[in-house]
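Report on the following structure.
The values are calculated or read from the model by the stated rules, or taken from the named source; none is laboratory data. Note that the structure is a prediction, hence the values are computed from the model and not measured. Glycine gets a Cβ as well: all are built from the backbone with ideal geometry, and neighbour counts include every protein chain shown. Ligands, DNA and RNA are stripped out before the accessible areas are found, and what is left, the full protein with its side chains, is counted by its heavy atoms. Shrake-Rupley method; radii C 1.70, N 1.55, O 1.52, S 1.80 Å.
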Amino acid sequence: MERRVYLDNAATTFVSQEVLDEMLPCFNIKFGNPNSLHSFGREAAAVVDTARDRVAKAINAKSVGEIYFTSGGTEADNWAIKGIAHAYANKGKHIITSSIEHHAILDSCMALEKEGFEVTYLPVDKYGMVQVEDLKKAMRDDTVLVSIMVVNNEVGTIQNIKELAKVAHEKNAVFHADAVQAVGAVKLDVQDLGVDAMSMSAHKIYGPKGCGALYVRSGVRINNLMNGGAQERAKRGGTSNVPAIAGFGKAIEIATRDLDKNQKILKDLRDYFESQIKANIKHIHINGHPTQRINGTLSVTFEMIEGESILMSLDLEGIAVSTASACTSLSLQPSHVLRAMGVPDEIAHGTIRFSFGKNITKDDIDYTIKTLVKVVKKLRAISPITETGRN
């Protein structure tokens, strides 16, 4: 295998050199425990403070008392759902989310259902959009929390978060948004969006794995998920992962700084890739909203063949893609996102998510298209489902 093309950036990204340079001194020079009082500890604490300031500035939040570092987006989601629900349980035990959320949200909600909470899972339209009217109808006096993701991790659809948050606040409910796929893809201003809590992750924006953050608006109550120390203003016990935190701070600073430039690159790549697929391969469907979507993700359903077969065939040619999200790629079940959007199971299995990175070139896209055309033709030739037998 000579050529390698990575088109699975929604699963994870490489650590950029600028981020790596920021992290390296934290392993052997600024290696102190940031909760230690001596000079080594204070030096490490300054690194954490700088990173917290960078995260806060990127989303227009306060660095003191509103940004809490976590082990990643999944922990941030778990903490937001469980911590806020428990903190407001005396007001009510009703939660609203959407049917296409990341499993970190859905599984957390299901865990709360076992504790006696009631969860409403909102439907979406064929584009993966949550309707404001559906949320209005679902809101109740005992609704304590609404959680809707900013950008869907499988199809890239962007939700109308600002409008949805207003609806939640009319009933005095707390509004949380999973923004893991949105950071670096769209402008995020928590004041403008009106969100009360927001989850983020470093490894989607050329930062390290194992680090994320939860924004919690001042005045919003949240119970601890992690106990064991006074770290993170006594909200999350455990020794701070200083190298990863430093990397996250730098990564989100760069993502915000270069947002317009990077998005122009990704849009050009995505549009060219989409046009070439449509021109060269029949019987395909593009999933997600046609315009209200991020530039870096393209979900394509190929009729008559299995997505896993496409993935493995492309992998043999050095091309990395995903069948859905990386968190569900080992499941044999059709994507819950595509099901919620009304995509039939029999063709949902033929879906591939292509997610582009800032280092991908037009030459990479041409190679991928050429290979994909060959792979699809080969797989359809041996498929038990023929063109004449399609519904």
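Here is how the numbers come out for the structure above:
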item	result
Cross-chain or 6+ apart pairs with Cβ under 8 Å, region 336-351 first and farther than 19 Å from residue 98 by Cα, then among the hydroxyl-bearing types (Ser, Thr, Tyr)	347/301; 348/301; 348/335; 350/301; 351/299; 351/301; 351/323; 351/335
Filter result for residue 242 (under 22 Å from residue 204 (Cβ atoms) and in contact with a strand residue (DSSP E or B) (Cβ under 9 Å, 6 or more places away or on another chain))	no
Failed criterion for residue 202 (all others in (1) surrounded by 20 or more Cβ atoms within 10 Å (Cβ to Cβ); (2) out of contact with any Cys (no Cβ under 9 Å at 6 or more places or on another chain); (3) of a type in the set (A, V, I, L, M, F, W, C) hold)	(2)
Any hit, region 154-163, residues being over 21 Å from residue 127 (Cα atoms), open to solvent by 10 Å² or more (accessible area, probe 1.4 Å) and either part of a helix (DSSP H, G or I) or not hydroxyl-bearing (Ser, Thr, Tyr) (or both)	no
Residue pairs meeting the criteria (Cβ under 6 Å; at least 6 apart or on separate chains; first under 27 Å from residue 186 (Cα atoms) and open to solvent by 40 Å² or more (accessible area, probe 1.4 Å), in region 282-310; second part of a helix (DSSP H, G or I) and not aliphatic (A, V, I, L, M))	none
Filter result for the condition that a residue is buried (at least 24 other Cβ atoms within 10 Å of the Cβ) and small (Gly, Ala, Ser), over 218, 147	147
Positions within region 198-211 being closer than 7 Å to residue 72 by Cβ and under 11 Å from the mean Cα position of the chain (by Cα), in sequence order	201
Residue within region 180-189 that is among the small types (Gly, Ala, Ser), part of a loop (DSSP other than H, G, I, E, B) and open to solvent by 10 Å² or more (accessible area, probe 1.4 Å) present	yes
Test: residue in region 263-278 that is of a type in the set (S, T, N, Q) and over 21 Å from residue 151 (Cβ atoms)	yes
Subset tally (residues that are in a loop (DSSP other than H, G, I, E, B) and without any contact (Cβ under 8 Å) to a residue 40 or more places away in the chain) for region 209-243	5
Which listed residue, of 70, 143, 157, 97, is in contact (Cβ under 8 Å) with a residue 40 or more places away in the chain and touching a Cys at 6+ places or on another chain (Cβ under 6 Å)	97
Enumeration of residues in region 281-316 that are of a type in the set (A, V, I, L, M, F, W, C), out of contact with any Gly (no Cβ under 6 Å at 6 or more places or on another chain) and farther than 17 Å from residue 337 by Cα	281, 284, 304, 310, 311, 312, 314, 316
Any hit, region 121-132, residues being surrounded by 14 or more Cβ atoms within 10 Å (Cβ to Cβ), modelled with pLDDT of 95 or more, closer than 21 Å to residue 76 by Cα and touching a strand residue (DSSP E or B) at 6+ places or on another chain (Cβ under 7 Å)	yes
